[in-house]
Amino acid sequence: MTSRVVLITGASSGIGLATADLLHEAGFIVYGTSRQAKNSSNYKFHLIELDVNQDDSVTHAIEKVIANEGRIDVLINNAGFAISPAGAEESSMQQAQAIFDTNFFGAVRMTRAVIPHMRQKNSGLILNISSILGLVPMPFGALYAASKHALEGYSESLDHELRSQSIRVSLIEPAYTNTSLGLNLLEADNKVSFYDQMREKLHRQMISSINKSDDPRVVAHTILNVIESQHILPRYTAGKTAKNLKALRRFAPVKVFDKLIQRSMKV
């Protein structure tokens, strides 16, 4: 059987890198992307340059993969970023738009560009890396959570649209993952002094949680299992914490769940 071709955005580190390495080891033809594909020879897989915020960059990268391999069987929309814990009002409109441009519209742009090629082959799988925060509210992380909520709605709707074309869309929902995300958090660009104490406390708490969280290979193995599955579901949690939070969200009474959020965040 011919090896399937996988395209992964944001593959130079973290979940993207762990996934690209694992899929390469499993025998897939893997193309990972980065905004600056420097030292590409250091990677086991093909690393190419791509900025999910730029139409021309997306088109060029996809055309390159199609020219080399003739198809793209799996698209994994992983590129994204987060803002350090802060009040929702502490981000300017420009910053709010920036996080949606990458986390949501970047995935939309990639998906729109790949669908025609998958339709031509009458097969395809699109995996969008969401977050358990796409289901669970996170105080002082409203914009990141909102971008993932948007991705969740888009993905489920799109999956219904594309099934008749033998293309499936699914979501991967990890909780905190032990990656460099915590080191690369953007700070809110319109800080309000009222939140200073809470912001600093939650930042320390977040970094501590990330350092104790699942290795990104946990998410990578979930992705591999989904790709190899014969029956694709709309969404998958990755890791024990995400699984437990999803169960709480689903089964706990609203008032109980609300109090749990308030108590855990100490807000």
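The values are calculated or read from the model by the stated rules, or taken from the named source; none is laboratory data. Given the structure is predicted, the values throughout are model-derived calculations rather than measurements. These accessible areas exclude ligands, DNA and RNA; they are computed on the full protein's heavy atoms, side chains included. Shrake-Rupley method; radii C 1.70, N 1.55, O 1.52, S 1.80 Å.
Fully extending the segment from Lys255 to Ala67 would add 62.2 nm, taking 0.36 nm per residue of separation and subtracting the current Cα-Cα distance. Apolar share of the accessible surface for the chain: 50 percent from carbon plus sulfur atoms, 1.4 Å probe. Based on every Cα atom in segment 1-108, Rg and the maximum pairwise Cα distance Dmax equal 15.2, 53 Å. Shown here are the Rg and Dmax of the Cα trace of segment 111-223, at 17.5, 55 Å. In the context of the full set of protein chains, segment 89-132 has a per residue accessible area of 43 Å² (1.4 Å probe). Straight-distance candidates among the aspartates and glutamates for linking to Lys38, with alpha-carbon spacing under 18 Å and chain neighbours fewer than 8 residues away dropped: Asp21, Glu49, Asp51. Per-residue SASA remark: His60, around 120 Å² accessible (1.4 Å probe; ligands, DNA and RNA not included). Between 0 and 90 degrees, the angle of helix 106-121 with respect to the longest Cα principal axis of the chain falls at about 30 degrees. Taking every protein chain into account, the accessible area of segment 178-267 amounts to 70 square angstrom per residue (probe 1.4 Å). For the cross-link pairs Lys201/Lys259; Lys148/Lys243; Lys212/Lys259; Lys191/Lys255; Lys212/Lys243; Lys212/Lys240, the ones whose C-alpha atoms lie over 21 Å apart are Lys212/Lys259; Lys191/Lys255. Ordered from highest to lowest accessible area with the whole protein assembly present and a 1.4 Å probe, Ser164, Ser40 read as Ser164, Ser40.
Ordered from longest to shortest, the equivalent ellipsoid semi-axes for the chain are 31, 20, 17 Å, each the square root of 5 times a Cα gyration tensor eigenvalue.
Computed 3J(HN,Hα) for segment 226-241, one whole-Hz value per residue from the Karplus formula 6.51 cos²θ - 1.76 cosθ + 1.60 where θ = phi - 60°, is 5, 4, 8, 6, 8, 10, 7, 9, x, 7, 9, 7, 10, x, 5, 4, glycine and proline marked x. Set against the 2.2 N^0.38 Å expectation for a compact globular protein, segment 182-267 has a Cα radius of gyration ratio of 1.42. If you fit an axis through the alpha-carbon atoms of helix 196-211 and take the longest principal axis of the Cα set of the chain, what angle between them do you get, 0 to 90°, nearest 10? Computed tilt is about 40 degrees. With θ taken as phi - 60° and the Karplus curve 6.51 cos²θ - 1.76 cosθ + 1.60 applied, the whole-hertz 3J(HN,Hα) list for segment 32-45 is x, 10, 8, 4, 10, 7, 7, 6, 4, 5, 7, 9, 6, 9 Hz, x standing for glycine and proline. For the set Glu69, Glu25, Glu152, the ranking by accessible area, highest first and with no ligand, DNA or RNA atoms included, is Glu25, Glu69, Glu152 under a 1.4 Å probe.
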